Each structure stands twice: as C-alpha cells, then as structure tokens.
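A quick write-up on the structure given underneath.
None of the figures in this text is laboratory data; all of them are computed from the coordinates on show. Every value quoted in this text rests on a predicted model; they were computed, and no experiment measured them. Cβ placement follows ideal geometry from the backbone for every residue including glycine, while neighbour counts extend to all protein chains displayed.
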Amino acid sequence: MVVFDGFDELCLNQSSSFRPKDVIGELIQLLTPEDEDGHARILLTARETYWSSVKDEIDLSRIELFKLNGFDNDQRKRYFANRLENPAERDTAFRISSQISGGIYEGFKSDGPNEERFSGIPFILDLIARYVHENSDAEVNPYVSDPFEDLLTGICRRESRRQSLDLEPQLQFMLFEELFREYETFSIDELKVYLGVICGVSDSGVISRFTNHVFLNRVDAGRFAPRYDVLKVYFVARFLPVG
C-alpha cells in the first residue's frame with residue numbers, strides 16, 4: 001500500500017502544473033499486472049469538496065472511494081482514554097468535545113444508536129486534549145454561537161499563563177490572523193516582527209517561549225507553520241469580511 005497524502009494540496013498549489021486527471025492516470029500506469037495480482041493499492045487523500053469538483057473528469061473504473069467520517073462517541077472515549085492519564089481530565093475533555101461537536105454536527109442526520117453518531121474530529125480532539133492537560137480552568141461555553149472559537153480563546157489564555165507570555169487572547173488571535181494569512185511557513189525573524197508590531201513583544205525570552213505555542217508546528221530548524229491547515233483556514237476566514 002502506497003499512501004499519497006495531500007492529493008488536493010499538490011494539484012491546488014499555485015506553483016504546481018499538476019492536473020488531477022493526469023496525476024491519477026500516471027499513478028495507475030505505475031501499477032503492473034504483477035502488482036495488481038498482489039493486491040497492491042495506491043491510497044490518495046483529498047478533501048471531499050475538492051474531489052467533488054474534479055471527479056467528473058476522472059476515469060473512476062479502477063478507483064474505489066472511501067469517505068472518512070469524524071470519530072463516533074466510542075472512538076472519542078477511547079481516544080481520550082489513551083491520550084490522558086488523569087480521569088478528571090478525560091471527563092473534562094469528553095464534556096468539552098460534546099459541547100463543541102453539538103455545534104459542529106447540529107442538524108446533521110445520523111442513523112443508528114447514539115454511540116455511532118458523529119461526535120469528534122481528530123484535530124479538534126487533539127486541541128482539546130492539549131487544552132485540558134494540567135489545566136484545572138479548562139472550560140467552554142456551549143451557548144455561544146461558535147464554541148470552537150471559545151476553545152481556541154481558552155487555549156490562548158492557557159498558553160499565556162503556562163508560558164508566562166502575558167498576552168491577551170485577542171492579541172494572539174490578531175497575530176495568527178495576520179501571520180497565517182501572509183505565510184505558508186515563516187522564520188523566527190518573521191515571527192519576531194509580528195510579535196513586536198502586533199503584541200508589543202521584544203523580550204527574547206517571551207519570543208522563544210512563544211515558538212512552543214500549541215497553534216505552531218516547527219517544520220525544520222528555525223521555521224514554523226500552523227499546527228493544522230484548518231487553523232490557518234479558520235484564522236484567515238476571520239479576517240475576511242462577512243456579508
């Protein structure tokens with residue numbers, strides 16, 4: 001099994017000349033009859049919206065489609081059981097994830113028993129686990145219009161306290177909106193500029209600690225990116241006008 005992760009990201013890259021039909025055609029050509037006798041497979045991943053926009057131009061005769069859904073209740077419980085050793089933190093994480101998934105899946109029709117209903121997206125469960133770990137104040141307001149924003153605000157507040165940043169969540173949000181809109185990846189020097197201009201931070205210790213923020217991922221020595229692509233989309237979308 002060869003896993004080709006990010007098919008849509010490859011074809012959508014502005015500097016890329018790859019066309020979906022051509023890429024899939026070339027991949028299929030790589031499979032020899034001997035490979036097929038051995039049940040060899042190439043697994044591609046793509047977002048459903050992108051695949052729906054290109055599938056009509058692709059020969060699907062040798063393609064089998066699978067739709068990946070969010071975790072159900074049982075999978076969510078097992079995830080937190082493996083991720084968090086503290087039973088109280090597990091209970092808090094499960095409650096918060098229920099509150100957030102209630103907003104995400106509101107109006108989503110699901111057949112079958114409650115245990116099988118969609119109730120979690122892996123990257124959100126990861127953020128929740130990071131939020132509740134060794135954080136006695138972990139809480140999300142389920143009555144706000146965007147409980148996911150409330151989670152991210154709580155994470156920023158925890159990061160400020162945990163790493164002695166002394167930065168209000170609103171300032172952190174503003175920084176990520178600007179930084180993620182401008183860069184795919186960015187250097188420590190570029191991060192310094194945004195921390196200085198937006199947050200008024202010049203202390204080298206605070207800058208160093210900020211590089212360990214939950215929303216950031218160190219891609220290589222001295223360069224960073226959003227921990228999840230979805231975070232970049234979220235913060236960029238906040239910048240866009242509504243209406």
Karplus (6.51, -1.76, 1.60) ³J(HN,Hα), θ = phi - 60°, over the range 214-225, in Hz, Gly and Pro reported as x: 4, 6, 10, 10, 7, 7, 6, 4, x, 10, 9, 8
Are there any helices in the chain, counted as whole DSSP H runs, that stretch 24 Å or more along their axis by Cα and score at least -1.0 on average by Kyte-Doolittle, and if so which? 87-104
Sequence gap at least 6, Cα distance under 8 Å: using those rules, report the relative contact order of the chain to the nearest whole percent. 13 percent
Could you please rank LEU151, LEU171, LEU240, LEU127, placing first whichever residue has the fewest other Cβ atoms within 10 Å of its Cβ? LEU240, LEU171, LEU151, LEU127
Which value in deg cm²/dmol, rounded to the nearest 500, describes the helix-derived mean residue ellipticity at 222 nm for the chain, given -39,500 (n - 2.57) per DSSP H run of n ≥ 4 and division by the residue count? -16000 deg cm²/dmol
Highest mean first, how do 200-208, 177-185 rank when packing is the count of other Cβ atoms within 10 Å averaged over residues? 177-185, 200-208
Mind checking the alpha-carbon convex hull of the range 2-57 and giving the volume per residue in Å³? 90 Å³
Kirkwood hydrodynamic radius (C-alpha pairs) into Stokes-Einstein, the chain, 10 °C and 1.306 mPa s, D in µm²/s: 77 µm²/s
Alpha carbon centre of the range 202-236 versus the range 1-46: separation in Å? 31 Å
